Amino acid sequence: MAQNFQAELVACFGQPVAENPTGVMQEAAFRALGLNWRYLTVEVAPQDLADAIVGMRAFGMRGCNLTIPHKVAVMPLLDAVAPDAALIGAVNTVRREGTRLIGENTDGKGFLRGLRRDAGIDPKGKRAVVLGAGGAARAIVTELALGGAAEVRVVNRSPERGAQMASDLAAKTGAHIRYEAWDGTYRVPGAADLLVNATSIGLYPDVDAMPPVDLDDARPELLVSDAVFNPPETKLLAAARRRGLAALDGLSMLVYQGVLGFKMWTGQDPPEDVMKRALAQALGIP
Ligand code: NDP
């Protein structure tokens with residue numbers, strides 16, 4: 001039988017991109033399933049993105065991830081954008097369907113999968129507080145709304161940005177999403193089931209920073225989660241654990257957005273434990 005030496009290709013396009021660890025976990029999953037696939041981590045400048053997408057088509061690549069600064073700019077370069085990615089207004093994953101390139105967003109979906117798989121929580125009927133109104137917050141709020149959350153309160157430092165995102169997503173999803181001001185310390189309401197830090201507070205190297213929130217009213221069942229994955233144990237999660245609250249780290253969202261991308265590209269379920277281990281090893285997490 002003729003051998004096939006031609007690998008299938010996927011990639012991550014970004015700038016800067018060198019510190020993006022996604023390739024490590026995808027390659028580990030390809031190896032574990034014996035797939036002759038390669039994940040290339042490629043620096044692409046903003047003015048070269050359109051050429052990179054043309055190149056991707058020419059190479060017959062199976063898909064790609066987009067990271068800073070390409071998540072919005074890539075949208076008009078694609079053949080279609082999935083409905084939730086259109087709501088979010090950003091694409092972090094492209095998959096190929098025949099000759100067409102379809103834009104998806106797996107960030108919020110990855111967060112929800114982590115909620116379900118790692119924390120055992122379904123967002124349906126839950127009351128959530130999301131700190132932040134940037135790209136990660138928008139993806140998480142959108143998927144919480146589509147997942148049937150009873151209420152999402154958006155708390156953000158810049159009132160215009162927070163209020164705008166809350167009213168836009170409320171109008172587009174029909175869900176109860178509203179903005180709450182973040183003046184000083186935000187007191188997390190006792191009715192909340194879920195608190196998500198989707199700001200960059202606590203992100204390396206600012207590891208001693210903690211979002212100014214007060215957990216005194218928190219119910220014992222409150223789950224505190226953090227989108228920040230470096231470090232995985234943020235000050236916020238440590239504070240939650242000290243109070244005996246459950247905590248979900250940002251590695252969960254990072255791994256599951258990759259798990260969903262893998263499935264979209266290959267049609268196969270990747271070994272999630274292999275991906276988690278590869279990621280932890282790459283990030284030097286014991
Ligand atoms: P953006 O730059 O789009 O948004 C940053 C958000 O953080 C804004 O809401 C901003 O508020 C807020 N913020 C930043 N600094 C402060 C501060 N000192 N005080 C109060 N609010 C602050 O970033 P992203 O949404 O892309 O990323 C947010 C975090 O999520 C990052 O840490 C990123 O690493 C993480 N992330 C994790 C992923 C994962 O898979 N785990 C995936 C994607 C992101 P304002 O509007 O007022 O500026």
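The values are calculated or read from the model by the stated rules, or taken from the named source; none is laboratory data. If you're wondering where the values come from, they're calculated on a predicted model, not measured in any experiment. Here the Cβ is made from the backbone with ideal geometry for all residues, glycine too, and neighbour counts use every protein chain on show. Areas reflect the complete protein model, heavy atoms only, side chains present, ligands, DNA and RNA absent. Shrake-Rupley method; radii C 1.70, N 1.55, O 1.52, S 1.80 Å.
With R₀ set to 35 Å, the beta-carbon distance separating Leu33 from Val54 gives a calculated FRET efficiency near 0.75. Along the axis of the charge dipole computed for the stretch 1-155 (Cβ charges of +1 for Lys and Arg, -1 for Asp and Glu, origin at the Cα centre), the listed residues Gly125, Gly114, Gly135 are led at the positive end by Gly125. When the charge dipole of the chain is built from unit charges on Cβ atoms (+1 for Lys and Arg, -1 for Asp and Glu) and taken about the Cα centre, the candidate among Pro21, Pro271, Leu236 whose Cα reaches farthest toward its positive end is Pro271. Across Tyr39, Tyr204, the residue with the most accessible area heads the list, and the full order at a 1.4 Å probe is Tyr204, Tyr39.
What a 1.4 Å probe finds exposed on the stretch 32-159 is 53% carbon and sulfur by accessible area, rounded to a whole percent. Rounded to the nearest 10 square angstrom, Val188 shows an accessible area of 0 square angstrom against a 1.4 Å probe.
Of the listed residues Asp214, Asp122, Asp183, Asp269, the order by accessible area with a 1.4 Å probe, largest first, is Asp183, Asp269, Asp122, Asp214.
Distance between the 7 Å Cα→Cβ label points at Glu221 and Glu233: 2.8 nm. Reported to the nearest whole Å, the Cα centre-to-centre distance from the stretch 1-72 to the stretch 102-148 is 25.
Pairs from the list Lys126/Lys263; Lys71/Lys172; Lys109/Lys276; Lys124/Lys235; Lys126/Lys172; Lys71/Lys109 with a Cα-Cα gap above 25 Å: Lys126/Lys263; Lys124/Lys235.
With every protein chain in place and a 1.4 angstrom probe, the accessible-area ranking of Ser252, Ser200, largest first, reads Ser200, Ser252. Ellipticity at 222 nm from helices only: DSSP H runs of n ≥ 4 in the chain, each -39500 (n - 2.57), divided by the residue count, give -11000 deg cm²/dmol. For the stretch 118-205, the per residue solvent-accessible surface stands at 43 Å², with DNA, RNA and ligands left out and a 1.4 Å probe. Lys172 sits with roughly 110 Å² accessible to a 1.4 Å probe, with DNA, RNA and ligands left out of the calculation. A Cβ-based charge dipole, computed about the Cα centre of the chain with Lys and Arg at +1 and Asp and Glu at -1, lands at about 480 debye.
Amide H contacts of Ala218 (H built 1.01 Å from N, in plane; Pro and chain starts excluded): no residue 5 or more places away or on another chain comes under 5 Å. Protection proxy ranking, highest mean first, for peptides 272-278, 51-57: 272-278, 51-57, where packing is the per-residue count of other beta-carbon atoms within 10 Å, averaged. When both bridge partners sit in the chain, DSSP labels roughly 20% of those beta bridges antiparallel. Each part gets one Cα centre, and for the stretch 161-197 versus the stretch 228-263 those centres are 20 Å apart.
Restricting attention to the stretch 1-108, close to 40% of DSSP beta bridges with both partner residues there are antiparallel. Looking at the stretch 96-240, the DSSP beta bridges with both ends there are about 10 percent antiparallel.
Note on the stretch 162-256: with neighbouring protein chains present and a 1.4 Å probe, carbon and sulfur make up 51 percent of its accessible heavy-atom surface. Here the gap between Asp208 and Val274, fully extended at 0.36 nm per residue and compared with their Cα-Cα distance, gives a gain of 20.7 nm. Around the Cα centre of the stretch 155-231, unit charges on the Cβ atoms of Lys, Arg, Asp and Glu (plus for the first two, minus for the last two) sum to a dipole of about 300 debye.
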